[in-house]
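A.B. asks: I have a structure here, written as structure tokens, and I will follow up with some questions on it.
Derivation of every value follows stated rules applied to the coordinates shown; laboratory data play no part. Note that the coordinates shown come from a computational prediction; the quantities given were computed from them, not determined experimentally. Every residue, glycine as well, gets a Cβ built from its backbone with ideal geometry; the counts of neighbours run over all protein chains shown.
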Amino acid sequence: MKLHTLKPPQGSRTNRKRVGRGAGSGMGETSTRGHKGAKARSGYKHKRGFEGGQMPLHRRLPKIGFTNIFKQDYQVINLKDLARMDSGEITVDSLKAAGIIRSSRLPVKVLGGGAIDKPYTVKAAAFSKSAVSKIEAAGGKAEVTK
């Protein structure tokens, strides 16, 4: 086998379709668009989800539930994450500096997963009941900030 004898697999390379080049080409007159209708016209665009006039899937399916516009999203951290930090005051800025949270945009909620043995003063937007009890049991304080 030599480089000059290589050929692509049969059927993998085809000539592009040249439409509107006369009746003899097999793609003349209507240029493969068929007769009449929106798709035969220039400037045709269909809406997302359009199914040719059939009732679209997003309208056939039942609508359920609702979106609560008052929902508050939190960045959640567990007590085991706090255990990695030095004892003392823990704020959103110190958590960000330690790489425990990604950004200070969302408020932080502390959950009670894991255990701590050092006294921390934790300042966060929200705490779970178990987190508050574990922080206070270790001699620390949980302060809610806004």
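A.B. asks: Pull up segment 79-103, narrow it to residues that are under 25 Å from the mean Cα position of the chain (by Cα) and part of a loop (DSSP other than H, G, I, E, B), then point me to the one that is nearest to residue 115 (Cα to Cα).
C.D. replies: So the residue we want is 100.
A.B. asks: Considering only residues that are of a type in the set (Phe, Trp, Tyr) and in contact with a Leu (Cβ under 7 Å, 6 or more places away or on another chain), which ones fall in segment 25-82?
C.D. replies: Result: 74, single match.
A.B. asks: Hey, can you tell me all the residues within segment 37-57 that are farther than 27 Å from residue 19 by Cα and surrounded by 10 or more Cβ atoms within 10 Å (Cβ to Cβ)?
C.D. replies: The one that is farther than 27 Å from residue 19 by Cα and surrounded by 10 or more Cβ atoms within 10 Å (Cβ to Cβ): 56.
A.B. asks: Counting only residues that are hydrophobic (A, V, I, L, M, F, W, C), in contact with a helix residue (DSSP H, G or I) (Cβ under 9 Å, 6 or more places away or on another chain) and closer than 20 Å to residue 71 by Cβ, which one in segment 88-146 is surrounded by the most Cβ atoms within 10 Å (Cβ to Cβ)?
C.D. replies: 110
A.B. asks: Does residue 76 satisfy the criteria of being touching a Gly at 6+ places or on another chain (Cβ under 8 Å), among the hydrophobic types (A, V, I, L, M, F, W, C) and more than 30 Å from residue 46 (Cβ to Cβ)?
C.D. replies: It is false that residue 76 is touching a Gly at 6+ places or on another chain (Cβ under 8 Å), among the hydrophobic types (A, V, I, L, M, F, W, C) and more than 30 Å from residue 46 (Cβ to Cβ).
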